[in-house]
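Step one of this worksheet: look at the structure below.
The values are calculated or read from the model by the stated rules, or taken from the named source; none is laboratory data. All values reported here derive from a predicted model rather than from experimental measurement. Here Cβ is always computed from backbone atoms with ideal geometry, including for glycine, and neighbour counts include all displayed protein chains. SASA here: full protein model, heavy atoms, side chains in, ligands and nucleic acids out. Shrake-Rupley method; radii C 1.70, N 1.55, O 1.52, S 1.80 Å.
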Amino acid sequence: MASPGSSFIIVGAGVFGLSTAIHLQHRGFKNVTIFDKQDYHKSAYSPFDGGDSASADSHKVIRSAYGPNKPLQDLANRAIGTWKQWNADSGVELFSHSGWARVTDIGRPQDVDIATFNTLKLVGLGDTQYFLNNDEDLKRARQQGWYGPRFDQFNRRERGLPLDGVFDANAGMVQADLACKYALQLAKSGGATTIFGPGQGEFTEFIRAENEPDRVIGIKTKDGKEHRADYVIVAAGPYTPQIVPELQSFVTATAGNFIFVKVPEHVRHRYEADVFPTWAWNYSGNSESGGLTGFPVDRHGNLKISYRSPKWTNPVASTSQEALISIPVTIEEIASHGGPPLSPLEETKAFIKENLPELVGEEITLAKMCWYTDTVDLQFVMDRVPSTEGLVVVTGGSGHGFKFLPVLGEYVVDVLEGKSNEYTQLWKWRTPSAEDIARIQTNTTSDERNWHKQPLASAENLKW
Ligand SMILES: Cc1cc2nc3c(=O)[nH]c(=O)nc-3n(C[C@H](O)[C@H](O)[C@H](O)COP(=O)(O)OP(=O)(O)OC[C@H]3O[C@@H](n4cnc5c(N)ncnc54)[C@H](O)[C@@H]3O)c2cc1C
């Protein structure tokens with residue numbers, strides 16, 4: 001069990017690693033070193049400056065809408081409270097309380113939105129949900145100041161197009177890069193040391209105790225150096241199963257896509273958060289991206305839209321099992337291979353043509369893949385690795401982990417201190433069923449998902 005003098009190595013400075021570092025320090029553990037193969041001091045977690053991870057992004061949805069899942073709803077509500085506190089502490093609007101419009105053209109709200117409404121009602125937050133075709137809700141929205149263009153940001157009604165869904169006033173977004181930068185600053189000001197960059201920051205292998213191969217006592221990095229600590233915490237996102245092969249049967253790397261469109265200056269006011277909130281189109285629950293998800297214009301004038309259907313895989317041979325596994329591909333590898341898949345770009349352009357016609361023809365500044373770390377049940381994994389002393393994993397963000405940045409690490413420290421609670425139980429090490437393993441396998445190898453089998457988007461395809 002960790003004790004006050006214990007030392008910790010964290011591999012990975014994404015959301016899971018940062019949150020762990022912050023909460024270790026909150027509980028009085030001072031000897032913390034964070035490694036990352038990327039130099040986040042240089043990229044500042046910006047995808048426009050080379051940041052290449054799920055955490056290094058412009059925006060993420062912050063919501064407590066979790067359908068019937070009350071534990072995650074409760075935790076997200078607690079996180080939202082801390083996001084507001086971080087806004088005040090940092091003096092930067094990291095979290096923007098823009099609301100989240102989950103809109104659809106299926107003629108009724110999605111089942112998951114009704115489930116969310118019922119679960120929020122249990123904690124007195126039912127009135128934060130405004131169904132777009134419910135007159136009582138619209139009246140309430142007017143009284144409470146939420147009503148306005150944000151209730152039909154695509155102007156569908158006026159154009160005679162179907163519109164249904166819900167406006168969720170208990171949600172918004174974070175500026176993801178600034179949030180990670182702030183969290184890194186918190187970790188460093190609490191005393192954490194960082195070793196970043198290819199070479200010195202890149203984990204290559206564990207150091208094991210002499211005559212005790214089941215005890216990890218440190219790591220080696222690519223520059224050949226050895227670093228020792230009482231605990232090694234692996235928070236390497238989609239690379240985690242390569243580092244801890246025991247995870248390969250229930251954690252896998254899959255990719256979503258996003259594109260950024262430059263909004264001309266003279267119409268930017270129409271895409272600011274107060275009139276153009278965070279949105280989802282035909283949202284299906286589980287993670288943020290059902291069909292498409294989008295955000296208000298960012299501080300650089302870009303509109304981000306993400307598209308995730310299907311999630312892509314990159315199957316390769318595994319070193320620990322017969323079956324193929326899916327591992328991430330870096331920005332550079334994607335570029336040299338020919339680009340991200342073409343279909344999301346085409347689908348997103350089609351969506352823009354129907355819903356944001358004034359942006360047709362505007363510059364597409366970036367189209368990229370973004371790697372999720374998916375578990376079979378889309379719950380995180382935060383536990384000691386069975387039968388290996390000194391080794392802990394914190395991973396499986398499954399497309400919805402960012403919002404928990406302010407609170408996640410509390411439970412990692414609980415694990416280290418041997419404390420059990422609802423969340424350590426929810427995220428404990430799990431053995432997948434035979435069906436789960438078969439599903440991962442089918443998804444990993446299916447031609448429909450394998451990105452090598454897709455037509456790819458060249459620079460030419462970024463044009464309209
Ligand atoms: C497209 C997309 C959209 C999403 N949208 C949302 C959203 O709207 N809201 C939300 O709440 N969540 C969202 N998520 C989920 C959220 O982004 C993730 O849960 C979270 O960022 C995962 O953080 P992480 O630290 O586990 O992984 P990562 O961000 O992948 O970080 C892992 C880090 O480990 C480092 N690393 C890997 N291997 C090594 C090594 N050998 N040595 C050293 N370092 C290494 C990497 O460089 C990286 O920095 C989304 C995810 C994706 C992919």
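Each DSSP beta bridge with both residues in the chain is either parallel or antiparallel, and the antiparallel ones are about 70%.
Within the shell of other residues whose beta carbon sits under 10 angstrom from the beta carbon of Y372, the net charge comes to +1, with Lys and Arg scored +1 and Asp and Glu -1. Peptides 143-153, 77-87 ranked from most to least packed by the mean count of surrounding Cβ atoms within 10 Å: 77-87, 143-153. Element breakdown for the chain at a 1.4 angstrom probe: carbon and sulfur atoms account for 50% of the accessible area.
Among residues other than Q441 whose Cβ falls under 13 Å from its Cβ, what is the net charge (Lys/Arg +1, Asp/Glu -1)? Could the numbers behind the result be given before it?
Details: positive: R439, R449; negative: E322, E435, D436.
Local net charge: -1.
Measuring max minus min along each principal axis, the C-alpha atoms of segment 330-370 give extents of 34, 17, 15 Å (largest first).
With a cut-off of 11 Å between beta carbons, the residues surrounding N302 carry a summed charge of +1, where Lys and Arg count +1 and Asp and Glu -1.
Working note: Debye formula, equal point scatterers on the alpha-carbon atoms of segment 126-194, no solvent; log10 I(q)/I(0) at q = 0.12, 0.15, 0.17, 0.19 Å⁻¹ is -0.51, -0.62, -0.69, -0.77.
For segment 103-241, what Kirkwood radius comes out of the mean inverse Cα-Cα distance, in Å? Walk me through the intermediate numbers first.
On the way: mean 1/r = 0.0496 Å⁻¹.
It is 20.2 Å.
The GluC sites (Glu not before Pro) found in segment 296-391 that occupy coil by DSSP, while having at most 10 further C-beta atoms within 10 Å, are E322. Ordered from longest to shortest, the equivalent ellipsoid semi-axes for segment 1-47 are 23, 10, 8 Å, each the square root of 5 times a Cα gyration tensor eigenvalue. Between segment 42-121 and segment 301-317, what is the C-alpha centre distance in whole Å? After rounding, the separation between the Cα centres reads 19 Å.
Translational D (Stokes-Einstein, µm²/s) of segment 291-439 at 4 °C and 1.567 mPa s when Rh comes from the Kirkwood sum over C-alpha pairs? Mind dumping the intermediate values first?
On the way: Rh = 18.7 Å.
Translational D for this selection: 69 µm²/s.
Once the Kirkwood radius over Cα pairs is known for segment 382-464, the Stokes-Einstein relation at 10 °C and 1.306 mPa s delivers a diffusion coefficient of 97 µm²/s.
Solvent exposure of the chain amounts to 40 Å² per residue of accessible area, where only protein heavy atoms count and the probe is 1.4 Å.
On a per residue basis, the convex hull of the C-alpha atoms belonging to the chain measures out at 146 Å³.
Using heavy atoms of the protein chains and a probe of 1.4 Å, the accessible area assigned to E417 is about 40 Å². Look at where the Cα atoms of segment 161-180 and of segment 359-374 average out, and the two centres are 18 Å apart. Our compactness index for segment 46-102, the C-alpha radius of gyration over the empirical 2.2 N^0.38 Å, is 1.31. M1 contributes an accessible area of around 150 Å² to the protein surface, as traced by a 1.4 Å probe with all chains present. D by Stokes-Einstein for segment 241-303, Kirkwood Rh over Cα pairs, 37 °C, 0.692 mPa s: 229 µm²/s.
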